[in-house]
């Protein structure tokens, strides 16, 4: 969920930009020239993936895949998600520029955490474990994003509490679907092109 | 995929230097978010409207762009009037209390949000992406990030075509999206295939960049020149924004 312009308070917005700038700085420091094209083209792929609407119950939601982004790109999740949100703010008016910092952090940070916690379990020899790790990466990253979004709203205005609770609950079914899709992506990639998991980003 | 819907056109805002537009936009956004009371946000909203008018954009298209954000704001209109527990109430019955302050807060959020969105469309949307990225280099955004952005933006269209092909193949084989594990599996494999394609594509891109002597950044060919009109617009716009904020 991207928060629109005009909703959050300036301290939250500034903190969000600060955290995202730190994330971007770490990512760009680590990014070698060799990897520029890879990070860029994968970011485009994830941008396209975010246009896919998947049915969830009576409704539909678009894929976010921040867990998958995290596992494949590590710290570069900040770059991929920042650029994706930048384009969305610019061309679709989803989210916005003031909220670009906080929205990037909310989605990218859980992805980076999954990279450190779960990527190690994704190995060719154990398909079940890989699927479960993929599922957890997708599920927890989405739930984490929902949690951080709710937290940003709560820190803006304590009276938003009901809204925040609703938001986290609404994220649970989406997180399950994200987890399943991420799990299947991991399994497929392991079968067809396992080397994508080997490289250090 | 055609993303830059508003970038082509003939108006004052289309010919301004992107750097001036970025500075004007940034200042506008900061002041708009920080604006207190009712009048400043309302005037900023009018300015946003004025900018869209000045850019001679098709109003229907602009409205269509404002729609998703306003759908998000509906939540605030539904929830805020009940969440503020303070007098005076607009409507007061034992079962239903609608707080005037809640309605006021929802209105403020809506005004600010739409003001910024209209400014985004009118000021940034009227330059094409490569001009904006070039302007970012002038503002000391790291060249690596701008380079990633160039390639990222370039390959969105390519991968979108790739995606449409895979999707067509799935539909041709009778794929109907449902609430089922099979559906999520199909989407997972579909995205995974897209990722594999992009990995392979990125290898090609890297080799093509090396073949052209890539040293870590893209050289820029067209340069910006500030015209008197740019300076005048920037000065006038910033003055108006400051004055509204403080009065």
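The values are calculated or read from the model by the stated rules, or taken from the named source; none is laboratory data. Since we're looking at a predicted model, the values are computed, not measured. Methodologically, a virtual Cβ is constructed for each residue, glycine included, from the backbone with ideal geometry; neighbour enumeration extends over all protein chains shown.
A count restricted to the stretch A:30-62 and to residues that are within 16 Å of residue A:188 (Cβ to Cβ), under 14 Å from the mean Cα position of the chain (by Cα) and at the interface with chain B (Cβ under 7 Å from one of its Cβ atoms) stands at 3.
In the set A:6, A:67, A:18, A:95, only one residue is more than 10 Å from chain B (Cβ to nearest Cβ) and touching a helix residue (DSSP H, G or I) at 6+ places or on another chain (Cβ under 6 Å); that residue is A:67. The residue pairs whose first member lies in the stretch B:134-161 and is at the interface with chain A (Cβ under 7 Å from one of its Cβ atoms), whose second member is modelled with pLDDT of 90 or more and part of a loop (DSSP other than H, G, I, E, B), and whose beta carbons are closer than 8 Å, counting only pairs six or more residues apart or on different chains, are B:144/A:31; B:148/A:31; B:160/A:51. Of all residues in the stretch B:132-151, those being more than 14 Å from residue B:217 (Cα to Cα) and crowded, with 18+ Cβ neighbours inside 10 Å number 2. Looking across the stretch B:1-26, just one residue is at the interface with chain A (Cβ under 10 Å from one of its Cβ atoms), crowded, with 17+ Cβ neighbours inside 10 Å and part of a helix (DSSP H, G or I), and that is B:25.
Might you let me know whether the stretch B:162-170 holds any residue that is surrounded by fewer than 20 Cβ atoms within 10 Å (Cβ to Cβ), more than 8 Å from every other protein chain (Cβ to nearest Cβ), more than 16 Å from the chain's Cα centre (by Cα) and touching a residue at least 40 places away in the same chain (Cβ under 8 Å)? No, the stretch B:162-170 has no match at all. Taken over the stretch A:41-87, the criterion of being in contact with a strand residue (DSSP E or B) (Cβ under 7 Å, 6 or more places away or on another chain) and crowded, with 24+ Cβ neighbours inside 10 Å is satisfied by A:63 alone.
For the stretch A:20-37, filtering for residues that are part of a helix (DSSP H, G or I) and either under 10 Å from residue B:148 (Cβ atoms) or touching a strand residue (DSSP E or B) at 6+ places or on another chain (Cβ under 6 Å) (or both) leaves 5.
Among the candidates B:33, B:62, B:29, B:74, the residue that is assigned to a helix (DSSP H, G or I) and surrounded by fewer than 13 Cβ atoms within 10 Å (Cβ to Cβ) is uniquely B:74. What number of residues in the stretch A:156-182 are more than 7 Å from chain B (Cβ to nearest Cβ) and within 21 Å of the chain's Cα centre (by Cα)? Number satisfying all stated conditions: 16.
Inspect all residues belonging to the stretch A:61-75 and state whether any of them is part of a strand (DSSP E or B) and either at pLDDT below 95 or under 26 Å from residue B:122 (Cβ atoms) (or both). Within the stretch A:61-75 (the criterion being part of a strand (DSSP E or B) and either at pLDDT below 95 or under 26 Å from residue B:122 (Cβ atoms) (or both)), the answer is yes, since at least one residue qualifies.
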